[in-house]
Amino acid sequence: MAGTGLRFRQGAIFFSGAHAAAHPRTRTPHHHCSPQRTHDARGRCRLTAKSANGRPQISASFRDVAIDGAQSEDGAPEQGGSTVSITVVGASGDLAKKKIFPALFALYYEDCLPEHFTVFGYARSKMSDEELRNMISLTLTCRIDQRENCSDKMEQFLKRCFYQSGQYNSEEGFSELDRKLKEKETIVVEYTNLYEQIQNGYDCEAHANTYHQAGKVPNRLFYLSIPPNIFVDVVRSASRTASSQDGWTRFIVEKPFGRDSESSGELTRNLKKYLAEEQIFRIDHYLGKELVENLSVLRFSNLVFEPLWSRNYIRNVQLIFSEDFGTEGRGGYFDNYGIIRDIMQNHLLQILALFAMETPVSLDAEDIRNEKVSDHDQILIPTYNETESMEAINLNQVKVLRSMRQLRLEDVVVGQYKGHSKGGKTYPAYVDDPTVPSGSITPTFAAAALFIDNARWDGVPFLMKAGKALHTRRAEIRVQFRRVPGNLYGRRSRSVGGGGTTTVTELEKATNELVLRVQPDEAIYLKINSKVPGLGMRLDSSDLNLLYSERYPAEIPDAYERLLLDAIEGERRLFIRSDELDAAWAIFTPVLADLEANKVAPELYPYGSRGPVGAHYLAANHNVRWGDIS
């Protein structure tokens, strides 16, 4: 093959010499890749690995395994590297169809998946490979950049997708899946006369799924897109019969992770009967959102913010989540959990922990997660001889989640939306949902005041609120700074022209505010006070605004894309560790138990309103006004 001028790479054809000029191939860097990833001359994703002591290692590309006519001693092409098989358990469900498969295709489109990958769907439904492909093709889009050849890439991706039907608690079903996975992982391509085949129209790209070679290490990722009550059944069956014997096996687990401390702990103990902690990737897709990722960058890489990040300058922090629609057919699921478990205990609390944590030793996953939660008794100074950061860093103080007070009933307001008519349209109440039990008192809205009892945040209220069927859809973090001591302009008035007086009376209320809008229309803006042009001394509150759609026109990737890629690479920074989960439930379990034991009736609020009035009284009790109320 050396004499043909042809180089073969699995899944694609590259030409050398005179052929290269006739077949140019260019790629642009991927806008969604994390700072840990770089790109080579062809635009391929590369992960810059770090040793446990923080020193850089050689960066490696997922697509660096090439066959350039080199042969081993037995005359066969040289082989090496690894394969990755991604199995979506619960493949026929909405989450798989709407989020997981589209995210995998987006990663494939951007060349960020490993060269040798296969996607399997597993569910109880009877389905052929072709039926699975037809099902998921309905939700795949070319939304990334509308670049050329998207339909071709979609076809190539679908040819790598396969299906296995089976019961979730059936070792036989997962054993059959294992057989099919091995078949895809060990197929050897016949390379004889490949150049002649290409000249005769053989499409290597279209047959990319057949290029997995014997001798590669098989790695396997299972995404559990299923209800939590069958997590353990699937893990038991899959770990026993479908784990990789030579490579890694990982399981992504979707929330909810239990209903309280007891059920969460039981789930963790049962999973750990079959898996090690490092095999479990507890996913919270909010941690994969762009603005949440940018939170630590904003704080730790800008000198203007980090000195202000404490009780000395910050008056309160607000974490706000609202949806402008109700349960709409999901009431049966939602009624078993409620808004506190569904949103506050995971999404908002994880963001709070990232916001309030101390500066980590490094960007290593364990260093960041140690700052979010740890209660070890000693501290070891990390050295370049340490091999495991989790063993090297034993912290001597209680960290953010363990420093938070348990919530009490008086710290919480709950609500539930009621029917409402507006503009000739009638909106249903929560209890009008046919999947919701009659007379349900499950909250669809909650507001809470939390406190962190440590030196940095002592006395600063962290206010959360989350709700459904509100007036708008938003998720944002609002940081309200303290007032300027002895504010000169808060007392000043000045005569202008014919005796008119401009008095600055509202400035005392208009403190600086930093807002990170997570969704929609991602943005970061800082509210400052400035003088309105003119002869008088009139002041106004203005925004210093970074609007992502204007500054970064490339589309922001979905959170599932980032988290799936991190799981494949073994990057655990944005996944939840078991001790984080324990600490999070310890904060909310007592108040959840009180709400249910006392059968606290939620305050009703109209569909499409700003929520119950009680939320405003809660904020006022802490001398705070909600920042989203204009």
Would you mind giving the average projected area, over all directions, of the Cα convex hull of the range 227-366 in nm² with one decimal?
11.8
Would you check the accessible area of residue 117, probe 1.4 Å, heavy atoms only, in square angstrom rounded to 10?
0
Tell me the carbon and sulfur percent of the accessible area for the range 263-364, rounded to whole percent, probe radius 1.4 Å.
52
Net charge around residue 476, counting only other residues with Cβ within less than 9 Å of its Cβ (Lys, Arg = +1; Asp, Glu = -1)?
+2
Keeping the other protein chains in place, figure out the carbon and sulfur percent of the accessible area of the range 580-624, with a 1.4 Å probe.
56
Residue 552: accessible area at probe 1.4 Å, nearest 10 Å²?
110
Between residue 125 and residue 456, what is the label-point separation in nm under the 7 Å Cα-to-beta-carbon projection?
4.6
Using a 1.4 Å probe and counting only protein heavy atoms, arrange 241, 359 so the residue with the most accessible area comes first.
359, 241
Any idea what diffusion coefficient the range 560-604 gets from Stokes-Einstein, in µm²/s, Kirkwood Rh on alpha carbon pairs, 25 °C, 0.890 mPa s?
183
Note on the range 532-630: the mean projected area of its alpha-carbon convex hull, in nm², is 13.3
For 116, 616, 285, give the ranking by accessible area with the largest first, probe 1.4 Å.
616, 285, 116
At 1.4 Å probe size, with the rest of the protein present, what percent of the exposed accessible area of the range 510-563 is carbon and sulfur atoms?
50
Taking a ≥ b ≥ c as the square roots of the Cα gyration tensor eigenvalues, with a/c under 1.5 meaning rounded and otherwise prolate when a/b beats b/c or oblate if not, the range 112-183 comes out prolate
For the range 405-488, alpha-carbon Rg over 2.2 N^0.38 Å:
1.55
Entries in 184/216; 99/182; 418/468 that, when Cα-Cα distance is taken, lie over 18 Å
99/182
Please report the net charge: other residues with Cβ closer than 14 Å to the Cβ of residue 220, K and R +1, D and E -1.
+3
Which of the lysines could a cross-linker bridge to residue 399, judged by Cα under 21 Å and excluding same-chain residues fewer than eight apart?
372
Sorted by chain and number, the residues with a modelled amide H under 5 Å from that of residue 603, at a separation of 5 or more or across chains, are 414, 415, 416
Order by accessible surface, 1.4 Å probe, largest leading, for residues 182, 468, 599 comes to 599, 182, 468
Under 9 Å, Cβ to Cβ, from residue 591 - net charge with Lys/Arg +1 and Asp/Glu -1:
-1
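The values are calculated or read from the model by the stated rules, or taken from the named source; none is laboratory data. What you are looking at is a predicted structure, and each value in this text was computed from that prediction instead of being measured. Here the Cβ is made from the backbone with ideal geometry for all residues, glycine too, and neighbour counts use every protein chain on show. Side chains are part of the model used for accessible areas, which takes the heavy atoms of the whole protein and leaves out ligands, DNA and RNA. Shrake-Rupley method; radii C 1.70, N 1.55, O 1.52, S 1.80 Å.
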